[in-house]
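The values are calculated or read from the model by the stated rules, or taken from the named source; none is laboratory data. All values derive from a computational prediction rather than experimental measurement. Here the Cβ is made from the backbone with ideal geometry for all residues, glycine too, and neighbour counts use every protein chain on show. Areas reflect the complete protein model, heavy atoms only, side chains present, ligands, DNA and RNA absent. Shrake-Rupley method; radii C 1.70, N 1.55, O 1.52, S 1.80 Å.
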Amino acid sequence: MLSTLNKIVGKCLYWAIAAIHAAIVVILFAGVVARYVFNAPLFWGEEMSILGLVWLTFLGGAVLVRQNKNVAITIFTDHLPARVLRRVDFVNHILIMICLVVMIRQAWTLSDRLMDSTTPALRFRETWFAAALVIGFVVMLFYQVQRFVAELRNRKAFPDEEAGDERCEL
């Protein structure tokens, strides 16, 4: 059941990211054409692009958590024995999950505060910006909890990901 949910959430993330990315490209291209060819700028293009970029950032962050491609400075942990490294990873997972819970709470509060505000051009509720944070952080927590439980059981968190255990290291 959990693996099916993972596949559904994963595919939804990838499709949403692709669709948002394509929409941003089309909107920006249309804005350039409208401004310089027809001398009639799209007043709403920048607003939609910014909204799309916010969503891309937090949905993309969730994908990175799933793939375990978070940036990590490993200068100290590279020299630790395996037993100590496992404990450090345990604490690391706990701290990440605590931070994500705090961020979900703060994003929810922000969403509530922005409920009555609207954007200048399109009059969208600014809650759409905060919703990206809430959804992104919830999905990040969903994946982080799975990664934590899998490591406690000495298993791969997402065996369907080929390169799931790589990190972008500094």
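Less than 18 Å apart at the alpha-carbon level, and either on another chain or at least 8 residues along: which lysines does that give for residue 156?
Partners within reach: 7, 69.
Give the accessible surface of the chain per residue, rounded to a whole number of Å², with probe radius 1.4 Å and ligands, DNA and RNA excluded.
For the chain, the solvent-accessible area averages 67 Å² per residue.
What helices does the chain have that are whole DSSP H segments, at least 15 Å long along their own axis by Cα, and with mean Kyte-Doolittle hydropathy of 1.0 or more?
2-36, 45-67, 127-152
Output needed: percent of Cα pairs per 10 Å distance bin for segment 11-170, bins running from 0 to the one holding the longest distance.
Percent of Cα pairs in each bin: 10, 30, 29, 19, 10, 3, 0.
Among 82, 45, 93, which residue has its Cα furthest toward the positive end of the charge dipole of segment 28-100, with +1 on Lys/Arg Cβ and -1 on Asp/Glu Cβ?
Among 82, 45, 93, the one farthest towards the positive end of the dipole of segment 28-100 is 82.
To the nearest 20 Debye, how big is the dipole of the chain about its Cα centre, given +1 on the beta carbon of each Lys and Arg and -1 on that of each Asp and Glu?
Dipole size: approximately 400 debye.
Report, to the nearest whole %, how much of the accessible area of segment 32-115 belongs to carbon and sulfur atoms, 1.4 Å probe, protein only.
Details: 3990 of 5750 Å².
Roughly 69 percent of what the probe reaches on segment 32-115 is carbon or sulfur.
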